[in-house]
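Worksheet: the structure to be examined is printed underneath.
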């Protein structure tokens, strides 16, 4: 299905004392985008991927450009770049589209995610159905 | 001089709906540790490294273990692992020391930092004095 | 003109360890709503009300009902309940509208705001034009 | 016993785009102070006051003076000003002590707190033992 797109509205409170969206806050944006994606592709909570059942094991963020608060949302494009046996990887681009169609990129990022059991939070393997959903979320 | 150590007190508000310090918040902990380190090693604000004059260009975080809120501080050990021409790298270990002296590691991380001019925020080269301070902060 | 309405999207990160939007976060919601309102009614930044030029001198919040995260926005209705010489008051209701039209209220609040000079942050009197804008924002 | 005192270390991240501790963040400081107080006076978690079992029903904050980030803690003095049948009130003063012993007050605040059952979060009456603890925390 290709990239999942989330339009996220910055909050004034996201700015730090420099007047920019703080480097920490970008990681919160990625978290919100994941919640959105998991809600979108998890029709059956008993079977599929659950926000509640995934923990972040690694995050890598490249900060390309500062963002000053404005009321308009930023665009988060995300896709599953790897679906392993017991973990998967999501890649992100956070950007604006300029009037001429060009892309103004603020952040490139990658998170490794591990499904865990709901009972005790232990890592578990991806279920076949989950893997199928994830493979459909690649960047075609 | 070796590792710089910061004891950071968790806040109850750092926990998310899972009851753990949120993955985003750990990046805030690293930021607070940097502020502490820059304050400690910048005696002359006109000459040396300034918190105000450094931006994060890359962050890598490995989450090793969840942390539940408790009143006691966690220990952040940090050191300069690279001092380049126009950027430098700080490595971090966030941990508790158990009673038997063993280390319980929550997070390993690395941030690439770029000094910028105070006037217009443009990247600049490290000054000789700054490089000297940074080289003294390696992990001996 | 009556009430100003802001639809604010909760973030997953707004929840605390109880799984509710934290009592602190509601105050952030009010702040975001003010930023929205000031942007909406300040066409001329050189003359009118500025987000940058108003500080909160008092906040009163009544928590009526907990809110669990959901992707849908909550509705913030706000109006100017008092325009004094050197301060003014905004009242807020944060709520959902149920399908039958009834209101489910989460928070009632009030903030007293003081305009300050941009140069040195000192309190100042409301300008006639500002007062006019504020008086038009009452709850008819 | 009189006032309970908490020394809370500001974080750099507490500052907003004005370079001050944000008006929202002060409410977080009060929350952290409550957690500290409840931990201090709840020796037996099965019997006494529980952080987990108290919700905020009303908060009133007067902002007296802005605070710029500094590494040193601010002092929060708090006491129980009212212990009712099914709710109680805590008053707060957030301040620095100047070298000459005078007080520099940043925030005065009051929160009304309601004990709830752990099972379903419903309001309940204060237990006799809880009331006794609370009455000992008045401002002598």
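What follows draws every value from the coordinates through simple rules; no lab data is involved. Every value quoted in this text rests on a predicted model; they were computed, and no experiment measured them. So basically every Cβ, Gly included, is an ideal-geometry build from the backbone, and we count neighbours across all protein chains shown.
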Rounded to 5, the percent of DSSP beta bridges in the range A:4-135 classed as antiparallel:
100
Ranked on Cβ counts within 10 Å of their own Cβ, fewest leading, C:106, D:92 go C:106, D:92
Once the principal axes of the Cα atoms of the range D:20-140 are found, what is the range along each, listed largest first in whole angstroms?
44, 28, 23
Specify the residue with the greatest mean-square fluctuation among C:37, C:78, C:15, computed from a Gaussian network of chain C linking alpha-carbon atoms under 10 Å apart.
C:15
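Per-residue ellipticity at 222 nm for chain B, helices alone: DSSP H runs ≥ 4 residues times -39500 (n - 2.57), over residue total, nearest 500 deg cm²/dmol?
Values: 2 runs with 27 residues, N = 140.
Roughly -6000 deg cm²/dmol at 222 nm, from the helical runs in chain B.
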Restricting attention to the alpha-carbon atoms of the protein assembly as shown, what are Rg (one decimal) and Dmax (integer), both in Å?
24.4, 70
Counting only other chains, what is the mean number of Cβ atoms within 10 angstrom of the Cβ of each residue in peptide C:63-70?
2
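Roughly speaking, what % of Cα-Cα pairs in the range A:53-114 are separated by over 20 Å, rounded to a whole number? List each step's numbers first, then the result.
Values: 682 of 1891 pairs.
Cα-Cα pairs in the range A:53-114 separated by more than 20 Å: 36 percent.
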For A:90, A:104, what's the fewest-to-most ordering of other Cβ within 10 Å of each Cβ?
A:104, A:90
Tell me the label-point distance for the pair residue C:127, residue D:5, using the 7 Å Cα-to-Cβ offset, in nm and rounded to one decimal.
4.7
For the range C:67-124 and the range D:5-20, what is the separation of their C-alpha centers, rounded to whole Å?
24
Suppose R0 equals 25 Å. What FRET efficiency, 1/(1 + (r/R0)^6) with r the Cβ-Cβ distance, do residue B:68 and residue D:117 give to the nearest 0.05?
0.65
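Peptide C:53-59: average number of partner chain Cβ atoms within 10 Å per residue? Let's see the in-between values first.
Values: counts 0, 0, 5, 7, 5, 6, 10.
Neighbouring Cβ atoms belonging to other protein chains average 5 per residue here.
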Can you give the relative contact order of chain B as a percent, counting alpha carbon pairs under 8 Å and 6+ residues apart?
31
Choice from A:13, A:109, A:86 with maximal GNM fluctuation in chain A (Cα, 10 Å cutoff)
A:13
Running a GNM on chain A with Cα contacts under 10 Å, which residue among A:81, A:102, A:57 ends up with the highest mean-square fluctuation?
A:102
